[in-house]
Amino acid sequence: MGKLLTIEDDLLLRETLTEILEVYGHEVIQAGDGEEGVEMFSKTSPDLVICDINMPKMDGFAVLEKIKKLVGAGELPPFIFLSAKTEQKNVQHALDLGAVDFVSKPYSAPELLRLIELRLNG
């Protein structure tokens with residue numbers, strides 16, 4: 001199992017996601033906004049990042065750009081965006097920035113767990 005960083009400003013969604021991931025054996029580090037997410041990333045070196053797009057202080061796109069600068073493109077861990085904004089331009093922008101997946105909210109836990117396992121073991 002992996003060390004996962006979840007960056008989500010909605011407390012209930014963040015805690016629910018954390019509980020699900022921990023039940024499946026993952027170590028989870030939580031961040032409540034983009035700035036905290038970048039800080040936690042630099043302190044913890046997670047194996048995978050799950051990040052909301054629409055957040056106060058710094059959106060998910062800016063988070064991914066800052067993390068890429070911290071580690072370099074070749075060392076970026078798998079980055080999965082979660083968002084209710086599913087317009088094709090947002091999906092394409094996320095993938096262009098280096099995200100490996102874009103999951104629409106609301107998402108199913110089995111779907112997300114399958115993607116996480118694929119990215120951690122693939």
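Calculated accessible area for region 64-122 comes out at 57 Å² per residue, all protein chains present (probe 1.4 Å; ligands, DNA, RNA ignored). Figure legend: label point modelled 7 angstrom from the Cα of Asp96 along Cα→Cβ; residues of region 49-84 with amide N under 15 Å from it are 61-62, 65.
Net charge dipole, region 1-46: roughly 280 debye, given to the nearest 20, about the Cα centre with Cβ charges of +1 for Lys and Arg and -1 for Asp and Glu.
I'm a student and want to see the number: the projected area of the Cα convex hull of region 23-93, averaged over all directions, in nm².
Values: hull surface 21.1 nm².
Mean projected area for region 23-93: 5.3 nm², to one decimal.
Labels on offer are (i) 14, 52, 32, 1; (ii) 16, 56, 28, 0; (iii) 14, 34, 28, 17, 6, 1, 0, and the one holding P(r) over Cα pairs in 10 Å bins from 0, in percent computed from this structure is (i).
Our summary gives the chain a relative contact order of 23 percent, counting only alpha carbon pairs under 8 angstrom and 6 or more residues apart.
Simple spin-label estimate for Asn54 and Lys68 gives 2.3 nm between the two label positions (7 Å along the Cα-to-Cβ direction from each Cα). In plain terms, the chain from Val23 to Lys3 could stretch by 5.9 nm, reckoned as 0.36 nm per residue minus the Cα-Cα distance. Overall, the chain carries a charge dipole of about 320 debye about its Cα centre when +1 sits on the Cβ of Lys and Arg and -1 on the Cβ of Asp and Glu, all other atoms neutral. Pairs with C-alpha atoms separated by more than 22 Å, drawn from the list Lys3/Lys43; Lys69/Lys105; Lys3/Lys89; Lys3/Lys66, are Lys69/Lys105; Lys3/Lys89. Per atom type, the chain shows carbon and sulfur on 50% of its accessible surface, probed at 1.4 Å.
Please identify the GluC sites (Glu not before Pro) of region 16-122 that satisfy two criteria: DSSP loop assignment and at most 10 other Cβ atoms within 10 Å. Which are they? Could you put the intermediate results ahead of the total?
Values: sites: Glu19, Glu22, Glu27, Glu35, Glu36, Glu39, Glu65, Glu75, Glu87, Glu111, Glu117; in loops: Glu87.
Passing sites in region 16-122 are Glu87.
Think of it as helices only: each DSSP H run of n ≥ 4 in the chain is worth -39500 (n - 2.57), and spread over all residues that comes to -15000 deg cm²/dmol at 222 nm.
The values are calculated or read from the model by the stated rules, or taken from the named source; none is laboratory data. All values derive from a computational prediction rather than experimental measurement. Heads up, the Cβs are rebuilt from the backbone with ideal geometry, glycines too, and the neighbour counts pull from every protein chain shown. Only protein heavy atoms, including side chains, enter the accessible area calculation; ligands, DNA and RNA are left aside. Shrake-Rupley method; radii C 1.70, N 1.55, O 1.52, S 1.80 Å.
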